[in-house]
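Chemist: Here it is, the structure, as structure tokens.
The values are calculated or read from the model by the stated rules, or taken from the named source; none is laboratory data. Not measured: the values here are computed from a predicted model. Cβ: placed from backbone, ideal geometry, glycine included. Neighbour counts: every protein chain shown.
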Amino acid sequence: MKLCLALAQINTVLGNVQKNLEKHLAIIEEANSRGADLVVFPELSLTGYVLQDLTPMVACRPRVDDPVFAPLLAASQRLDIVVGFVEEDVRNRFYIAAAYLSRGKVLHVHRKVYLPTYGLFDEGRFFAWGDSVQAFDTAYGRVGMLICEDFWHASPPYLLWLDGADLFIFMSASPGRGVTGKDVLDSSRWVNHILRAYASLYTSFVAHTNRVGFEDGLNFWGQAALYDPNGELLAEGPAFEEALTLVEVDLNQLHRTRARLPLLRDERTALVQRELNRIVSDRTHFSGR
Amino acid sequence: MKVQVNLSINTDLVRRILTGFIRSEITRMGFERAVINLSGGLDSAVSCFLAAEALGPQNVLALCLPYRTSSLESLEHARMVIEATGVQSHTFEITEMVDPLIAHFPEMDSLRKGNIMARMRMIVLYDQTAAFNGLAVGTGNKTEILLGYTTLYGDSACALNPIGDLYKTQVRQLARSLGVPDVIIQKPPSADLWTGQTDEGELGFTYAEVDKLLYLLVDERYTPQECIEAGFEARFVHAVVERVRKNQFKRMLPPIAKVSNRTVGYDFLYLRDWGT
């Protein structure tokens, strides 16, 4: 089976959901006219990234009666859409979230489970922590979504892999940093290292979208990418500028790669669970929270 | 030196980010134009080249604001930058604005005089941003920001600063790639506030040395002791660390005494780019 994937690397208006929504609808239309089956936007694509005290003002709920999601769900009758937004739950907690929309329905919402709150990041101050990592079925196979810091931890992609995801959709608003003599930023090198690693280790497709533009002094570097189950880079968007990168994904590559390299077949999940139980229950070692 | 410090930058990449930053942060505020105080030195030359590339030279106004003791060479170098970039320019002396204040205080030392000159240039800069309908583009580099080698509300005043995260050594490398005239790149850096003043003479160390030390301390998070073990002289390390600490006040807005439930700076938090 083939999937025509469109990776949208966009700039956003900070805190203006209506303007960002208009851009989304225009890009969805463009992706549709170019034959895309699925269009993926970056982290917080409907709101902008450094929201701080704007957070409660830009939050919405991924439902058909929501004024932001209604037109997106209508557009999802024509192709599948992944958007980034701020979700407010019924008890008024705010999450960095991603929604997969298809044929007028919300197939899945992922709430970011790792909120970086160090260095230049301050997400934990403004957002609630998501508490679930789950794969879900789509017309193009089983998919898993993660948001930026989520995939800097090895466990969420691992859980999605065991939960059946063959296509990983990773979304970022990654501030560009680290200029050296090299022709890409450190942040771009770091992210692309691990995208390639996940594609190779999990013999799966890894799609990544990332913001462009500036927020105060922060730049966002773009370079949306798709890696195949062999860890090969199949498509890459340009750095620093808006682009819609289309790539045809031959999902049968999963069959060929896994015939050669049966890492999924041989994965010893029961051993992992046994050892994890031992490690977590052993109070003499501190192994995270 | 036991640790190799490599400050080299990919100038194409940096140029792309910095011109994008200037364009983005000026246009989203509703402007198209920039005003820059051109001293004849390296930093303002680099900011001017970047602004001209980002906005088009017709949208950049370079101001040359010499005092009567400023070196003629500085003015000549500023003119070279104006010519090379094709930006618009104004030149006028600040002497008759500065001297009446200085005349009131016969005991005034050169530090105070230098600060007055720097602040007078800021007044002219901001007035011209209103006349030219642009924003003030800053010219302070990371070395001088960290060391506090700058006049508060003087040369440090600006609406946006494209080069404030580049050490002096890196600004020099960027200057070469931008085509800044070689004579400006080669000359000893000077605030030119009095005759014969040089940055390195006044600071007591060279940019080449201090940039490496600051890079380890700030970017690589070395402790002072680790810097000494890496081969820096202990006295130099301690002097620089103390200088960085003492000048923190120059790097932030004045603290507001909190009395209400929501206070600007503490729990009223928005980017400047809010809504744009």
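Chemist: Can you spot a residue in the range B:213-227 that is surrounded by fewer than 16 Cβ atoms within 10 Å (Cβ to Cβ), closer than 29 Å to B:D109 by Cβ and not polar (S, T, N, Q)?
Modeler: no
Chemist: Taking the range B:41-85 on its own, how many of its residues are touching a residue at least 12 places away in the same chain (Cβ under 8 Å) and assigned to a helix (DSSP H, G or I)?
Modeler: Counting residues in the range B:41-85 that are touching a residue at least 12 places away in the same chain (Cβ under 8 Å) and assigned to a helix (DSSP H, G or I) gives 29.
Chemist: Working carefully through the options B:S24, B:S44, B:S39, find the one that is more than 28 Å from B:Y222 (Cα to Cα) and either at the interface with chain A (Cβ under 7 Å from one of its Cβ atoms) or surrounded by fewer than 20 Cβ atoms within 10 Å (Cβ to Cβ) (or both).
Modeler: Unique residue meeting the criteria: B:S24.
Chemist: Taking the criterion of being in a helix (DSSP H, G or I), under 21 Å from the mean Cα position of the chain (by Cα), modelled with pLDDT of 95 or more and over 12 Å from B:V137 (Cβ atoms), would at least one residue in the range B:30-40 satisfy it?
Modeler: No; the residues of the range B:30-40 include none that is in a helix (DSSP H, G or I), under 21 Å from the mean Cα position of the chain (by Cα), modelled with pLDDT of 95 or more and over 12 Å from B:V137 (Cβ atoms).
Chemist: Please verify whether A:V39 is aliphatic (A, V, I, L, M) and in contact with a helix residue (DSSP H, G or I) (Cβ under 6 Å, 6 or more places away or on another chain), treating the condition exactly as stated.
Modeler: yes
Chemist: Within the range B:1-16, can you find the residues that are surrounded by 19 or more Cβ atoms within 10 Å (Cβ to Cβ) and at the interface with another protein chain (Cβ under 7 Å from one of its Cβ atoms)?
Modeler: Those that are surrounded by 19 or more Cβ atoms within 10 Å (Cβ to Cβ) and at the interface with another protein chain (Cβ under 7 Å from one of its Cβ atoms): B:I9, B:L13, B:V14.
Chemist: Also, I was wondering about something else. Return the pair list, or none, for Cβ contacts closer than 9 Å from residues in the range A:213-231 that are hydroxyl-bearing (S, T, Y) to residues that are buried (at least 23 other Cβ atoms within 10 Å of the Cβ) and assigned to a loop (DSSP other than H, G, I, E, B), at least 6 apart or on different chains.
Modeler: A:Y227/A:S204
Chemist: How about the range A:138-190: which of its residues are of a type outside the set (D, E, K, R), assigned to a loop (DSSP other than H, G, I, E, B) and either away from every other protein chain (no Cβ under 14 Å) or within 12 Å of the chain's Cα centre (by Cα) (or both)?
Modeler: Listed by number, the residues that qualify are A:A139, A:Y140, A:H153, A:A154, A:G164, A:A165, A:A173, A:S174.
Chemist: Okay, moving on. Would you tally the residues in the range B:147-197 being over 16 Å from B:L18 (Cα atoms), crowded, with 20+ Cβ neighbours inside 10 Å and of a type in the set (D, E, K, R)?
Modeler: So the answer is 2.
Chemist: Can you name every residue in the range A:264-289 that is aliphatic (A, V, I, L, M) and either surrounded by 15 or more Cβ atoms within 10 Å (Cβ to Cβ) or outside any helix (DSSP H, G or I) (or both)?
Modeler: Across the range A:264-289, the qualifying residue is only A:L264.
Chemist: Show the residue pairs that are 6+ apart or on different chains and have beta-carbon atoms under 7 Å apart, the first residue being within the range B:247-276 and away from chain A (no Cβ under 14 Å), the second being not in a loop (DSSP other than H, G, I, E, B).
Modeler: That search, which allows pairs on different chains as well, returns B:N247/B:L147; B:I256/B:V264.
Chemist: Among the residues of the range B:110-166, what is the count of those that are among the polar types (S, T, N, Q), farther than 20 Å from B:F249 by Cβ and outside any loop (DSSP other than H, G, I, E, B)?
Modeler: 3
Chemist: Taking the range A:194-234 only, how many residues are in contact with a helix residue (DSSP H, G or I) (Cβ under 6 Å, 6 or more places away or on another chain), acidic (D, E) and within 14 Å of chain B (Cβ to nearest Cβ)?
Modeler: Going through the range A:194-234 one residue at a time, the tally reaches 0.
Chemist: So which residues in the range A:11-44 are touching a residue at least 40 places away in the same chain (Cβ under 8 Å), buried (at least 24 other Cβ atoms within 10 Å of the Cβ) and within 14 Å of chain B (Cβ to nearest Cβ)?
Modeler: Scanning the range A:11-44 gives A:T12, A:L14, A:L44.
Condition check ((1) surrounded by fewer than 20 Cβ atoms within 10 Å (Cβ to Cβ); (2) of a type outside the set (D, E, K, R); (3) modelled with pLDDT of 95 or more; (4) over 24 Å from A:G35 (Cβ atoms)) across all residues:
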position	(1), (2), (3), (4)
A:P62	no, yes, yes, yes
A:V83	no, yes, yes, no
A:R91	yes, no, yes, yes
A:V113	no, yes, yes, yes
A:T117	yes, yes, yes, yes
A:L120	yes, yes, yes, yes
A:F126	yes, yes, yes, yes
A:D131	yes, no, yes, yes
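Per-residue answers, yes or no, for (1) more than 25 Å from B:N141 (Cβ to Cβ); (2) within 26 Å of the chain's Cα centre (by Cα); (3) not hydrophobic (A, V, I, L, M, F, W, C):
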| position | (1), (2), (3) |
| --- | --- |
| B:L213 | no, yes, no |
| B:Q225 | yes, no, yes |
| B:V237 | no, yes, no |
| B:E242 | no, yes, yes |
| B:L253 | no, yes, no |
| B:S260 | yes, no, yes |
| B:T263 | yes, no, yes |
| B:F268 | yes, no, no |
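Chemist: Under the condition of being surrounded by fewer than 24 Cβ atoms within 10 Å (Cβ to Cβ) and touching a helix residue (DSSP H, G or I) at 6+ places or on another chain (Cβ under 6 Å), which residue from the range A:163-179 is nearest to A:V83 (Cα to Cα)?
Modeler: For the range A:163-179, the residue satisfying everything is A:D166.
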